[in-house]
Structures are given as structure tokens and as C-alpha cells.
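Remarks on the structure that follows.
Derivation of every value follows stated rules applied to the coordinates shown; laboratory data play no part. This one's a predicted model, so the numbers in the text were calculated from it and none came from an experiment. Glycine gets a Cβ as well: all are built from the backbone with ideal geometry, and neighbour counts include every protein chain shown.
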Amino acid sequence: DSRSYSMDGVGKSLTVKAYINIDTKKDFMNDAAVLLMDAVTFAAGGGRLELGDGNRMLHAAYYPDDKIPMSEHLKTKITAMYDFSVAYENLLRDGQTPTENRVEIEGVPTSSVGESDKVWTYTKEDATHQILHLINLRNNDNLWVDEQGNKKDPEVLHNLKVKFYTDKKISAAYLASPDYNGCESTPLPFETGKDPSGTYLQFTVGTLEYWGMVYLVS
């Protein structure tokens, strides 16, 4: 959306003010709320204005009010989240555009628009990649502000059998996540097939905690 305002005509990644836990009385920021908000923002190609002084976070528009710290667990997870955002910047915010690829996960409810208690399947592409973001809203709502800091940890999912529908010829598939494996990509074995819904790739995602990114090389 910033393309028409940029000097090079390409556009820039946007940083948003999306404050959460704005009315919380808890001792710490809510881990799940922070991590899910960051997953959604980074997957969309943006960034979030959230880090205050030291281990505190900006939970309101009045910046001196950054008194609520991150837990030790959240500090570790948020570091991995930002490491991931930098390591994969060319797949997150380098001209990718949203697509409407059909995605199915065996035995797991999915949504392409981020409905509560489902796995959000957010698809994008660029000249050489098809990209699938899996954002885990199982056991959770999609109310991002989480004013009181009550959001629950998502249900960790294992061995997800995924069908990704595409007409493009894919030469390789990889899985990466800020939640495990030090953010490193791992090759993802896949099979191809066809059914009444179209041509698809089928692969298995071993673990989905908060956010996993599958990128297919075409």
C-alpha cells in the first residue's frame, strides 16, 4: 500500500502501532497475545512498535507507561521472533503479494481469514516462491487487543497433514518457524496429487506452536 508514496515505486514495509494488554493489571505481558500479534504482523510483511526500555513493552500509546515487563519465557520467544523476521526478510517483506490458494489440514479446522479456534492459513507469493503461513489460533479467539491479558496459549499441534493447492510446478519445499530449531529451515518432503478441488502438494508439518512458514520454490 505504500508503493505510490515511495521514491523507488516499490513500497516499504510498514510498522504499525498495535497495542495489546492495554488495560491489564497482570505482572507481565501476556505471552500468547504478544507472540500471536507479532506472528500476524510479520507474516503480513510489517513490523510492530512494541519494545520499550529494557525488558518492558509498550502496551499503550502513552510511551512512558511501559511498566509491564516481559516474562523470561517471552523474552526468549520474542528474541527468536525478531531473529526470524530478519533472517527471512526476503520471504516476508520483499514484494510478496497475498494469494487465495486453497489449503486443507486433515482433521484440523482452518480459516483463510483468521477465525477463532482454527489454524489460519495465510498464503502469499513472489516471482519464485509460494508461501504458506500457518498461524495457530486453536484454543484461542481472534480478538487481538486482549485488553486484560487473558489470552491462552494455543494448542500445540503435531504431524499436520497439509494439502496446498497450486498449479505451479514446485521443485523444493522448506519449513521454518521462530518456535523451534533455532529458526533454521528444514527440507520438507512432499507428494503431488490431484482431486476434484485441483492439483495439490501434500506434506507433513511436524509441530505447530504459534507460527510456521512453509515456502515452496517454483
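Our summary gives the chain a relative contact order of 20 percent, counting only alpha carbon pairs under 8 angstrom and 6 or more residues apart. Here the simple spin-label model places points 7 Å from the Cα toward Cβ, and for V86 and K169 these points are separated by 3.8 nm. Using every pair of separate Cα atoms, the Kirkwood estimate puts the hydrodynamic radius of the chain at 18.1 angstrom. Shown for region 3-89 is the translational diffusion coefficient from the Stokes-Einstein equation, using the Kirkwood radius over Cα pairs, a temperature of 37 °C and a viscosity of 0.692 mPa s: 236 µm²/s.
Helix 31-43 axis versus longest C-alpha principal axis of the chain: approximately 50°, rounded to the nearest ten.
The Cα trace of region 97-217 gives Rg and Dmax of 14.4, 47 Å, the first to one decimal, the second as a whole number.
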